[in-house]
Amino acid sequence: MTFPLSESKSAQLFERARHTMPGGNTRHMITFGPYIIYADRGKGCRLWDVDGNEYIDWVNNFSSHIHGHASPEIISALSEQLKGLMSCILPAEAELELAELLVDRFEGLEQVRFNNSGTEAVMVAIKAARAYTGRSKIMKTEGGYHGQYDLVETSFLPTPETWGDESCPSVLPFAKGTPQSLLDEVVVVQFNKTEATRRLIREHADELAAVIIDPIPARLGFTRASKEYLEMLREETRRYGIVLIFDEVFCTRAGYNGAQGEIGVIPDLTTLGKIIGGGLPVGAVGGNREVMSVFDNLAGPLKVSHSGTFTANSMTMVAGLTAMRMLTPEVFEKLAGQGKRLRDGLNREMEAAGFIGRANGEASMSSIQLFQQPANTYRDFVHQSGPGYLQRMLRLHRHMLNQGVLMATRGLMVGSTAMSDADIDETIEKSGQAFRSYVEEDGYI
């Protein structure tokens with residue numbers, strides 16, 4: 001397989017798209033050159049583009065397709081639901097059943113509410129924390145991603161020239177036009193820097209409504225927050241009445257009981273998304289009854305109003321319920337084993353090819369990094385990545401595509417239950433060819 005030629009149908013569609021969509025796309029995260037490949041169909045762990053090229057899909061729509069494409073069980077459930085009800089103003093039983101399932105699995109969830117995306121879940125969680133505490137500021141980690149909400153986009157991808165002192169990182173806008181008044185509502189800390197973070201929590205305790213963290217962030221190649229760091233966050237937030245939010249939109253994949261179950265630290269609120277929707281748009285925020293009471297319009301004056309036209313629509317609830325019921329402890333164990341099989345194989349192939357890099361990750365979440373030593377903070381990641389990191393990663397992405405392996409442009413690879421060990425081994429073999437062709441074409445990386 002080779003990367004499609006410039007006269008391909010994908011190239012023609014991309015040229016058309018540039019006239020009606022800025023940049024010819026609706027999602028910047030899928031942009032790569034010289035043009036974007038257009039999908040035609042998917043089945044299991046495979047995707048085919050409009051030019052007939054086949055790829056093993058290791059993006060799975062940024063993790064949401066944990067059962068791959070066209071899962072027979074999910075298709076059957078959606079087909080039956082489609083005959084009766086897509087969405088309406090009234091709730092349906094599937095919403096309750098999915099809520100019960102999530103509350104049963106996540107120790108930090110006593111109650112839950114649904115919405116339509118991970119970004120929306122984070123927005124609602126922060127509203128809840130502010131209403132519960134009567135405070136306005138939030139704390140987040142440098143380099144942490146929590147959706148496309150300007151408050152939590154602060155210091156998402158800072159550079160050494162702008163990120164400031166490591167003991168008190170700068171609060172930097174991600175999008176141009178972000179008002180200073182909004183930046184003033186954020187305190188930024190370094191991921192895994194326990195004592196420095198403790199000091200900043202205590203310094204801003206009277207102002208902080210919430211501390212939000214992804215315990216296994218994709219943007220750090222699925223490097224887990226240390227137990228010491230998370231236990232400190234739990235201890236300090238509890239001491240000062242600050243709401244601790246775990247963003248598990250992505251790292252729900254860590255295990256049957258989510259990342260919090262694997263790590264053993266329980267937050268006040270948890271945001272969810274991706275895999276809990278069975279491949280359809282979804283988000284959720286849940287937590288203990290005391291904090292979630294801000295949404296209760298039957299127990300007294302309402303503190304936070306929350307609704308939405310497609311919130312908890314029947315199609316998403318049925319797909320999510322079906323998908324989550326399929327994810328048993330045994331299935332999570334198998335996914336984790338395959339993830340390790342992938343990473344071990346990729347690391348062997350990198351070494352054999354003379355490719356300077358490493359495959360890092362946890363459970364079914366993996367990431368290729370263009371350096372070899374572990375990175376425990378965002379600044380470690382940037383320093384070890386070196387200059388031109390994204391450009392080098394985009395070149396690797398191109399070599400992987402040429403071999404029929406679809407990964408995210410920054411090296412993310414997440415598995416699905418549709419993959420067999422043979423699919424893993426095929427991926428490892430093809431990736432080895434991509435590593436060798438990269439080294440031969442581009443030299444030392």
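Please treat every number below as a calculation from the coordinates, not as lab data. Every value quoted in this text rests on a predicted model; they were computed, and no experiment measured them. Positions of Cβ are generated from backbone atoms using ideal geometry, with glycine treated the same way; all protein chains shown enter the neighbour counts.
By DSSP, what percent of the beta bridges with both residues in the chain are antiparallel, rounded to the nearest 5?
If we restrict to bridges inside the chain, about 60 percent are antiparallel.
Where does the charge balance sit around Tyr256 when Lys and Arg score +1, Asp and Glu -1, over other residues with C-beta under 15 Å from its C-beta?
Net of charged neighbours comes to -3.
Mind listing the Cα extents of the range 222-263 along all three principal axes, in Å, largest one first?
31, 17, 15
Can you tell me the dipole magnitude for the chain around its Cα centre, using point charges on the Cβ only (Lys, Arg +1; Asp, Glu -1), in Debye to the nearest 20?
My answer is approximately 500 debye.
Using just the alpha carbons, could you tell me how many Å³ per residue the convex hull of the range 113-246 encloses?
110
Skipping prolines and chain starts, which residues have an amide H placed within reach, meaning under 5 Å, of the one on Asn115, given they are 5 or more residues away or on another chain?
Under 5 Å from the amide H of Asn115: Gly283, Ala284, Val285, Ala312.
Using R₀ = 22 Å, calculate the FRET efficiency as 1/(1 + (r/R₀)^6) where r is the Cβ-Cβ separation of Glu97 and Glu330; round to 0.05.
Efficiency at R0 = 22 Å is approximately 0.55.
If I model a spin label at Glu203 and Asn25 as a point 7 Å from the Cα along the Cα→Cβ vector, what separation in nanometres do I get?
It is 3.7 nm.
Would you work out which of Val112, Thr328, Thr31 lies farthest towards the positive end of the dipole of the chain, given +1 charges on the beta-carbon of Lys and Arg and -1 on that of Asp and Glu, about the Cα centre?
It is Thr31, whose Cα lies furthest towards the positive end.
Using R₀ = 30 Å, calculate the FRET efficiency as 1/(1 + (r/R₀)^6) where r is the Cβ-Cβ separation of Tyr256 and Asp425; round to 0.05.
Efficiency for this residue pair is about 0.70.
What net charge do the residues around Glu97 carry, taking every other residue with its C-beta under 14 Å from that of Glu97, with Lys and Arg at +1 and Asp and Glu at -1?
Its environment carries a net charge of -2.
Per q in 0.11, 0.14, 0.16, 0.17 Å⁻¹, report the Debye log10 I(q)/I(0) for the range 72-326, using one uniform scatterer on each alpha carbon and no solvent.
Scattering profile of the range 72-326, log10 relative to I(0): -0.58, -0.92, -1.16, -1.28.
Which peptide among 177-189, 429-441 comes first, and what is the full order, when sorted by highest mean count of other Cβ atoms within 10 Å?
In decreasing order of mean packing, 177-189, 429-441 become 429-441, 177-189.
Tell me the Kirkwood hydrodynamic radius of the range 48-203 in angstroms, computed as one over the mean inverse distance between distinct C-alpha pairs.
So the Kirkwood estimate lands at 19.5 Å.
Can you list, largest first and rounded to whole Å, the semi-axes you get for the range 333-411 by taking the square root of 5 times each eigenvalue of its Cα gyration tensor?
20, 17, 12
Quick one: pull the percentage of alpha-carbon pairs in the range 135-178 with a separation above 13 Å.
51
Could you tell me the extents of the range 275-403's C-alpha atoms along the three principal axes, largest first, rounded to whole Å?
If we take the Cα atoms of the range 275-403, the spans are 64, 34, 26 Å.
Taking 0.36 nm per residue of sequence separation and subtracting the Cα-Cα distance, how much length would be gained by fully extending the chain between Arg41 and Phe174, in nm to one decimal?
44.5 nm
Got a sec to turn the phi values of the range 326-339 into Karplus ³J(HN,Hα) couplings, 6.51 cos²θ - 1.76 cosθ + 1.60 with θ = phi - 60°, whole Hz, x for Gly and Pro?
Karplus values, whole Hz, x for Gly and Pro: 6, 8, 7, x, 5, 5, 4, 5, 5, 4, 5, x, 5, x.
Looking at the chain, what % of the alpha carbon pairs are farther apart than 44 Å?
10
Of all beta bridges DSSP finds with both residues in the range 72-326, what is the antiparallel percent, to the nearest 5?
40
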